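Input: a single structure, listed below in structure tokens.
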Amino acid sequence: MSHIRIDVDDLFFGYEKENDILKGISFHARESESVGIIGENGAGKSTLLKLLVGLYGQYRGCIRIEDIPVEKSTLSVIRSRIGYVFQDSESQLFMNTVYEDIAFAPRNYGLPEQEVEKRVERALKMTGAERLKEKQIYKLSGGEKKLAAIATVLSMTPDILLMDEPSGALDPQNRRNLIRILNSFGHLKVIASHDLDMVLDTCQRAVLMYRGRIVKDGPAEEILTDRELLEAHGLELPLCLQGRSGGLRKT
Amino acid sequence: MKGIDGAVYEIHGMAALAARDKWINRIHPLVKLLLTLGYIGAVVSFSRYDIIGLIGLAVYPVAGFLLGDLSLKEGCRRMRFVLPLVCLTGLPNLFLDRRQVLFWGVKVGAGLFSMLTLAGKGVLTVFASYILIATTSLDKLCYALRLLHVPRALVTQFMLTYRYVTVLLEEAGRMVQAYTLRAPGQKGIRFKVWGSLTGLLLLRGMDRAENVYQSMLLRGWGTDYGYQKGRVPLRVWDILYFLFWAGIIAVFSLCPVLPILGDLIGGILI
Ligand SMILES: Nc1ncnc2c1ncn2[C@@H]1O[C@H](COP(=O)(O)OP(=O)(O)OP(=O)(O)O)[C@@H](O)[C@H]1O
Ligand SMILES: [Mg+2]
């Protein structure tokens, strides 16, 4: 399994011509690394993740997943290996019931119905969402939708997990649950978030993005405790460190 | 707001019906599709004045409602916009067709007969289609269409339209909610903002439809496995079910079963 890796070199991309959102991103991750991509609103985190799964074609530079370049002809192979959780879980779910939605991917990949059922059960168990199994999607709460969305991706048993703001809308207990799920996922995972506490709990490495560029890439402990660096780029120390390092802060 | 929420609710309601685990829901979608098409063909090509014969053909939808455990009341409620229309299509016949026929010794206008027959035909076809969609999920229906070699692009279009409509309705519901919350005490939506609201709705609807489509792509939609989703194996039961109904429909549309039955029973009674 030594081929699990993401390689991005000198990547430029803009939704509109002459207006690049990503400006020369280079980024490599492999094996069982866990990488947190952090940055203020609009930094380009979601855009970067979407490019990794080939949702936008017209980029400049090089993106390779497991040594396969991301192009039109390779998309179905690449997508079968990557699980992607959207920032907006509303968009991720489109079937009638939670079960049907989680079963969508395994069925699409032609698995026999017995195996599909096993995968669905396992994904539900991992996310602790068993009780939602037969519920209709449009009756779920925001956080329940998030859990279901994560389960739809786990049922694909991906090599690589990409998550865009996975802790949004989750209550404290489910947030802890999510951290547990993420930590139990053994392969490569990339998490885009401004929930820095969660990044600290789940990622060894952090990549700080600012206005379409990577400004710092290194051990999460180091970057997430560097108040000056974070504040210069529109972020703040993780809440769990704010009390410790500064005591009661004057405002 | 009620209207939009209601529409979303109804669409999901139909999907929930189709997703139930009833015996008739498990019948192969191709079998149900072919039977429905054949049935509609038989009903439509029935003689214009043969209302008695048409009553015999009602056995198919009646059995469908019973086997599918569907509520007739629900069915009528859901079809409430179509049913009156199909009933009225025959109305002109009442005035155009002025001939007289003998019916059990009474002189009746032929127009009345053809009107009733036409209305009957309409109701039967509507119910037959209703039974099909209430017992077959969209994926299975699409799979059956693919088996009939309906072009892939067309089937995809059909499927995405269905999803788009739900997304659009949900989005509209949300916008109306946001609007009313910020315009308390106001009835309806001011005419002035209709333009911007509908424009926005279209954009947001497209945005979300795009997201949904992306999410489908990421989970293997449109790969070589694509339409295998609704895939169901053909069992002996399916074939028997098909033969049974094909036979019944053929018999009812080719021979005057009810009159024969009537004669038989009459004969016994005498
Ligand atoms: N579909 C789009 N069309 C045009 N511009 C877009 C589109 N999506 C995003 N953008 C722009 O691209 C920039 C980066 O957006 P992106 O969604 O990647 O940010 P982000 O880092 O994920 O932010 P957030 O933390 O708020 O999710 C933003 O300035 C945004 O306005
Ligand atoms: Mg984002």
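The values are calculated or read from the model by the stated rules, or taken from the named source; none is laboratory data. Nothing here was measured: the structure is a model prediction, and the numbers come from that model. Don't worry about glycine lacking a Cβ; one is built from the backbone with ideal geometry, like all the others, and counts go over all protein chains shown. Heads up: the accessible areas ignore ligands, DNA and RNA and are worked out on the full protein's heavy atoms, side chains in. Shrake-Rupley method; radii C 1.70, N 1.55, O 1.52, S 1.80 Å.
Residue-by-condition table, conditions (1) under 30 Å from B:M115 (Cβ atoms); (2) open to solvent by 30 Å² or more (accessible area, probe 1.4 Å); (3) more than 14 Å from chain A (Cβ to nearest Cβ):
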| site | (1), (2), (3) |
| --- | --- |
| B:I4 | no, yes, no |
| B:V8 | no, no, no |
| B:I11 | no, yes, no |
| B:A16 | no, yes, no |
| B:K22 | no, yes, yes |
| B:L30 | no, yes, yes |
| B:L34 | no, yes, yes |
| B:I40 | yes, yes, yes |
| B:D50 | yes, yes, yes |
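Looking only at residues in the range A:79-89 that are buried (at least 21 other Cβ atoms within 10 Å of the Cβ) and more than 7 Å from chain B (Cβ to nearest Cβ), the one that is nearest to the chain's Cα centre (by Cα) is A:V85. So which residues in the range A:41-57 are within 13 Å of ligand 2 (Cβ to nearest atom) and either open to solvent by 30 Å² or more (accessible area, probe 1.4 Å) or basic (K, R) (or both), if there are any at all? If the condition is that a residue be within 13 Å of ligand 2 (Cβ to nearest atom) and either open to solvent by 30 Å² or more (accessible area, probe 1.4 Å) or basic (K, R) (or both), then A:N41, A:G42, A:K45, A:S46, A:K50 are the ones that fit.
Here B:T156, B:T198 are screened, and the one residue that is assigned to a helix (DSSP H, G or I), more than 14 Å from chain A (Cβ to nearest Cβ), under 28 Å from A:L93 (Cβ atoms) and not basic (K, R) is B:T198.
Quick check on my filter: what residues within the range B:214-270 are assigned to a helix (DSSP H, G or I), modelled with pLDDT of 80 or more and over 28 Å from the mean Cα position of the chain (by Cα)? Selection gives B:Q214, B:S215, B:L217, B:L218. Tell me, which residue of the range A:94-127 that is at pLDDT below 85 and within 14 Å of B:S215 (Cα to Cα) is nearest to the other protein chains (Cβ to nearest Cβ)? Among those that are at pLDDT below 85 and within 14 Å of B:S215 (Cα to Cα), it is A:N108. Any residue at all in the range A:94-107 that is under 30 Å from A:G42 (Cβ atoms) and open to solvent by 10 Å² or more (accessible area, probe 1.4 Å)? Yes, there is a match, as at least one residue in the range A:94-107 is under 30 Å from A:G42 (Cβ atoms) and open to solvent by 10 Å² or more (accessible area, probe 1.4 Å). Residue pairs whose Cβ atoms lie under 6 Å apart, separated by 6 or more positions or on different chains, with the first residue in the range A:3-16 and closer than 14 Å to A:I63 by Cα and the second among the charged types (D, E, K, R) and within 14 Å of ligand 1 (Cβ to nearest atom), are A:F12/A:D20. Going by the conditions given, is A:M156 within 16 Å of ligand 2 (Cβ to nearest atom) and of a type in the set (A, V, I, L, M)? No.
Candidates are the residues of the range A:128-159 that are at the interface with chain B (Cβ under 9 Å from one of its Cβ atoms) and open to solvent by 10 Å² or more (accessible area, probe 1.4 Å); the one that is nearest to A:P112 (Cα to Cα) is A:M156.
Residue under question is A:V70, and the condition is that it be closer than 24 Å to B:R163 by Cα, away from ligand 1 (no atom under 16 Å from the Cβ) and more than 10 Å from chain B (Cβ to nearest Cβ); does it hold?
no
Scanning the range A:51-81 for residues that are in contact (Cβ under 8 Å) with a residue 24 or more places away in the chain, under 15 Å from A:V8 (Cα atoms) and among the charged types (D, E, K, R) gives A:R60, A:R64, A:E66, A:D67. Looking across B:L17, B:L88, one residue alone is without any contact (Cβ under 8 Å) to a residue 40 or more places away in the chain and out of contact with any strand residue (DSSP E or B) (no Cβ under 7 Å at 6 or more places or on another chain). It is B:L88. Screening the range A:188-231 for residues that are within 13 Å of the chain's Cα centre (by Cα) and either at pLDDT below 90 or acidic (D, E) (or both) and picking the one that is farthest from A:R122 (Cα to Cα) gives A:H194.
The C-beta contact set for the range A:187-202 (first residue open to solvent by less than 10 Å² (accessible area, probe 1.4 Å), second residue within 14 Å of ligand 2 (Cβ to nearest atom) and assigned to a loop (DSSP other than H, G, I, E, B), distance under 6 angstrom, 6+ apart or interchain) comprises A:S193/A:E165; A:M198/A:S167; A:V199/A:S193.
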